[in-house]
Amino acid sequence: MIRFHNKLIKSPIGRRLTISIVLFSSLITLMTTGFQLLADYRSDIGRIERAFSDIEKVNINVLAASIWVMDEQLLNTQLNGLIQLPDITYLEVLDDSGQQWRIGEHQQKLTSVIQKKFELHYRSSTDEMRVGSLIIQADLNAIYERLWDRAILILLSNAVKTFLVAGFILLFVWLNITRHLLQLSQYCQEIDLDEDFEPIQFKNYTKKDEFDQVATAINQMQTQLRHSFTAIKQSKASLQDALADRERLLEVERSYKEELAHQVKERTEELEQSLLILKKAQQVIVEQEKMAALGGLVSGVAHEINTPIGICLTAASTQIIRLDELIELINSQSPSLEQINMLLDEYQESCNLIVNNVTRASELIKKFKTVAAEQKQEEDQDFNLKSTIEEISGAVAVMHTPKEAIVKIDVQPDLRITTNHSLFNQVLTNVISNSFAHAFSNEQNNQLLIHAKMDEGHIRICVQDNGDGIPQDIAEHMFEPFFTTTRGKGGTGLGLSAAYNAATLLKGTISYENSKVLGGAKFIIRLPVGFLAESKDKPS
């Protein structure tokens with residue numbers, strides 16, 4: 001048994017089982033011992049209480065009579081008899097005159113004794129009188145010593161029983177569980193897939209229980225492992241062959257990459273040469289485009305300026321002829337007032353024609369300056385955005401009388417911005433003038449919507465009308481200088497080009513898209529500005 005016990009203790013399960021049995025048995029032993037000692041303590045205390053009760057019933061009256069008759073011999077005899085009772089260690093009788101009778105050892109610490117005091121009354125046939133008192137002490141130390149001896153005896157007996165029970169339990173566990181688990185673990189540790197298969201079998205064990213099922217499962221698992229191991233060996237050989245093939249393919253790929261890199265290098269050199277040629281050709285084309293654009297600009301300027309200058313030249317030549325005729329008429333013998341007035345009227349018409357065409361030429365030259373973007377550097381100004389837009393739209397409407405339009409301005413009333421005021425006016429004036437000139441007719445249903453709001457340090461202004469819109473082929477060229485669809489009606493093609501140049505000088509943008517609200521053209525102007533919104537209301 002000791003040999004089996006030692007083997008079981010060496011195993012982890014045996015150690016845990018032994019500790020669990022010992023702890024559980026010790027807990028049960030302590031609980032039962034505690035309950036038993038508590039019951040014995042209560043029994044001893046009850047016995048002392050019963051002794052006090054018996055003394056009160058039997059001896060109190062006799063002691064009172066002995067004090068009444070002053071029979072000290074009888075009183076001492078009674079005290080000697082009471083001190084012989086179990087656990088009674090001290091008695092004291094005190095009469096009313098102050099005389100005392102003591103027997104036993106008095107304890108000052110009341111925690112180790114039980115003390116009780118009884119009043120002594122003498123009863124006659126007609127009256128009852130107090131004659132003294134009786135004090136009794138019972139020592140608890142004897143009770144504690146008995147309880148201690150009982151506790152040691154109980155613990156020793158329970159320890160022996162626990163050892164015997166634990167030993168038999170461990171022996172049973174060893175014979176039925178632990179040794180089979182050890183055999184299973186040793187078998188699993190000794191499994192070698194390279195050796196021949198030997199199934200596990202328990203010695204002298206014929207039961208069909210869980211261990212038999214575990215052994216069967218281990219044997220099946222080992223069979224499957226051997227099949228899998230064989231398949232893995234075959235796969236390993238295949239992988240080694242594939243790896244050799246892969247190395248050969250990698251070698252071919254490396255040689256192919258080297259050849260490809262060589263070809264790419266040669267092709268790159270050829271492309272670089274072609275790129276240099278293309279850059280030179282591009283420079284030539286750009287120069288040609290610049291010259292063509294300059295030629296178009298010069299041609300446009302010559303065409304626009306030639307007409308008023310030619311008219312002025314014709315009118316001046318006519319004035320010289322009419323002036324010679326007037327001088328000849330005045331120097332004649334009979335000049336008439338009617339002829340003189342007719343010549344002067346013609347001369348006045350020629351002067352008016354010269355003034356009008358010179359004025360037109362001056363206006364064209366001013367517009368050419370704006371196209372060239374030769375703006376003076378002036379300081380930025382702070383102004384109210386809504387008021388400025390109202391002034392510009394009103395001035396443009398007066399310039400295009402008799403056309404009328406309903407202008408709606410959606411701008412925060414207290415929004416103030418800081419930017420170049422003249423350039424800003426030029427951008428907005430030319431865009432609004434474009435709507436009046438090309439989108440609006442003489443009918444009364446003309447509408448213009450101007451919406452502005454702040455967007456991350458920029459002012460975004462949308463100008464949209466309810467006209468027919470701008471075709472795509474025209475929209476691609478409408479910001480170019482001298483491009484117009486109304487040249488025969490006096491259009492110069494400089495309005496949107498000047499607006500575009502002014503927006504560029506302000507480091508902003510101007511773009512076009514078809515309006516989804518009113519159905520006509522929509523110009524979006526975005527300019528960087530400083531702003532101050534005094535109102536809490538945000539623009540819609």
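The values are calculated or read from the model by the stated rules, or taken from the named source; none is laboratory data. Only a predicted model underlies this, so the values are computations on that prediction, with no experimental measurement involved. Note that we place each Cβ from the backbone using ideal geometry, even for glycine, and neighbour counts take in every protein chain shown. For the accessible areas, the whole protein counts, side chains as well, though only heavy atoms, and no ligand, DNA or RNA atoms are used. Shrake-Rupley method; radii C 1.70, N 1.55, O 1.52, S 1.80 Å.
Structure summary
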| item | result |
| --- | --- |
| Single unsatisfied condition, G493 versus (1) surrounded by 19 or more Cβ atoms within 10 Å (Cβ to Cβ); (2) farther than 24 Å from D380 by Cβ; (3) in contact with a Leu (Cβ under 9 Å, 6 or more places away or on another chain) | (3) |
| I461 being of a type outside the set (D, E), touching a strand residue (DSSP E or B) at 6+ places or on another chain (Cβ under 6 Å), within 29 Å of A361 (Cα to Cα) and in a strand (DSSP E or B) | no |
| Condition met for D139 (over 14 Å from I67 (Cβ atoms) and surrounded by 13 or more Cβ atoms within 10 Å (Cβ to Cβ)) | yes |
| Inter-residue pairs, beta-carbon under 6 Å, first on the phi > 0 side of the Ramachandran plot and in the stretch 516-529, second part of a loop (DSSP other than H, G, I, E, B) and of a type outside the set (D, E, K, R), 6+ apart | G519/N466 |
| Number of the exception - E391 against (1) part of a helix (DSSP H, G or I); (2) open to solvent by less than 40 Å² (accessible area, probe 1.4 Å) | (2) |
| Residues that are within 24 Å of L415 (Cα to Cα) and either touching a residue at least 40 places away in the same chain (Cβ under 8 Å) or open to solvent by less than 10 Å² (accessible area, probe 1.4 Å) (or both), drawn from the stretch 497-515 | A499, A502, A503, T504, L505, L506, G508, I510 |
| Unmet requirement for E443, which otherwise passes all of (1) outside any loop (DSSP other than H, G, I, E, B); (2) out of contact with any Leu (no Cβ under 8 Å at 6 or more places or on another chain) | (1) |
